[in-house]
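Structure, as structure tokens:
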Amino acid sequence: MSVLSDLVSALSAGDIEVVDLTSPLSSETAVLQLPPEFGQTARFELEEISRYDARGPAWYWNNFRTGEHTGTHFDAPNHWVTGRDGADVASVPARRLVAPAAVLDFAAEAAQDADFLLEVDHIKEWQSNHGPLPEGGWLFYRTGWDRRQRQEEMLNADVTGPHTPGMSVECARWVGEESPVIGVGVETVGTDAGAAHSFDPAFPCHAFFMGNDKYGLTQLQNLGRLPAKGAVVIAGPLPIVTGSGAPARVLALVER
Ligand code: MN
């Protein structure tokens, strides 16, 4: 397997860098908040079992509690009603967890307008510069939101609800139904815009991605360290049997 030998050599030489796209998980990690009539996702919490003490003199370990959709996480097809008969997170084929990524940078636009929406024309313009989106790969949508790790900054809510960038209904439909990608990765708490509760259909990214056996990746960091094309991403959600998603360690291999 000379390809893998070459990969190991390139990693050793620093010709390939491993960029960690994962937000640290702690009780401070920002989480989605829904209107009060709905069920709420849990924050990440650690419960100490022992720490070199009477409960376990030579060992330290914790239990943890978390929502499936807390921090950098993977949305499986069965997360949404449109994909209710689709794969749970443990059934997503491992082959699909290693994939190329296209990175579309709209951080400048999102800095000007927190409700910025990606349109099909934005993607087509990217393709005219960089070529087609990768078959079986990811569309990573950079908005600069990874600088906002605190809950209030991440959700950016006012009396009208959260204001965070996302995609238009038509763009979400195109990505789900027509594009060659297996999913979309974002820096926000969900793939949909903060205002997407008011779209028709509501939460179109979830509706069109999950309904087309596609995935979401959220709360990514360091997308600014990736090239527009050429990175290879390893996205590893925990294989929670029957689960709708899971926290994931997401790494990118980048040629230097
Ligand atoms: Mn999610």
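FYI, it's all coordinate maths here, none of it is from the lab. What you see is a predicted model, and the numbers here were worked out from it, not measured in a lab. Using ideal geometry, Cβ is built from the backbone for each residue, glycine included, and neighbour counts are taken over all protein chains shown.
When the chain is treated as a GNM with alpha-carbon contacts under 10 Å, the residue of PRO57, PRO165, PRO35 showing the greatest mean-square fluctuation is PRO57.
Counting DSSP beta bridges in the chain, what percent are antiparallel, to the nearest 5?
Details: 30 of 43 bridges.
Of those bridges, close to 70 percent are antiparallel.
Our estimate of slack between GLU153 and VAL3, defined as 0.36 nm per intervening residue step minus the Cα-Cα distance, is 49.7 nm. Using the Cβ of SER27 as centre and a radius below 15 Å, the other residues enclosed give a net charge of -1, where K and R count +1 and D and E count -1. Exposure proxy check: TRP80, TRP61 ranked by fewest other beta carbons within 10 Å? Ordered by Cβ neighbours within 10 Å, fewest first: TRP61, TRP80.
A Gaussian network model of the chain, with springs between Cα atoms under 10 Å, assigns the largest mean-square fluctuation among ASN212, ASN156, ASN62 to ASN62. Separation of region 5-64 and region 157-172, taken as the distance between their Cα centroids, equals 28 angstrom.
Quick check: from the Cα gyration tensor, does region 80-151 come out rounded (a/c under 1.5), prolate or oblate?
Numbers: a/c = 1.98, a/b = 1.36, b/c = 1.46.
Cα axes put region 80-151 in the oblate bin.
Cβ crowding within 10 Å, taken as a proxy for footprinting-reagent exposure, orders ASP20, ASP158, ASP75, ASP121 from fewest neighbours to most as ASP158, ASP121, ASP20, ASP75. The label-point distance for VAL98 and GLN40, in a model that sets each label 7 Å from Cα toward Cβ, rounds to 4.1 nm.
When all alpha carbon pairs of the chain are counted in 5 Å bins from zero, the resulting P(r) reads 1, 6, 12, 17, 19, 17, 12, 7, 4, 2, 1, 0, 0 %.
Take MET154, MET210 and order them by how many other Cβ atoms sit within 10 Å, fewest up front. Working shown, then result.
On the way: MET154 24, MET210 28.
The order, fewest Cβ neighbours first, is MET154, MET210.
Tell me, in nm to one decimal, what length is gained between ARG51 and GLU255 on full extension, where the rule is 0.36 nm per residue of separation less the Cα-Cα distance? Walk me through the numbers before you get to the answer.
Working: separation 204, 0.36 × 204 = 73.44 nm, distance 4.08 nm.
Full-extension gain reported as 69.4 nm.
Computed on the chain, with alpha-carbon pairs under 8 angstrom and 6+ residues apart, the relative contact order is 29 percent.
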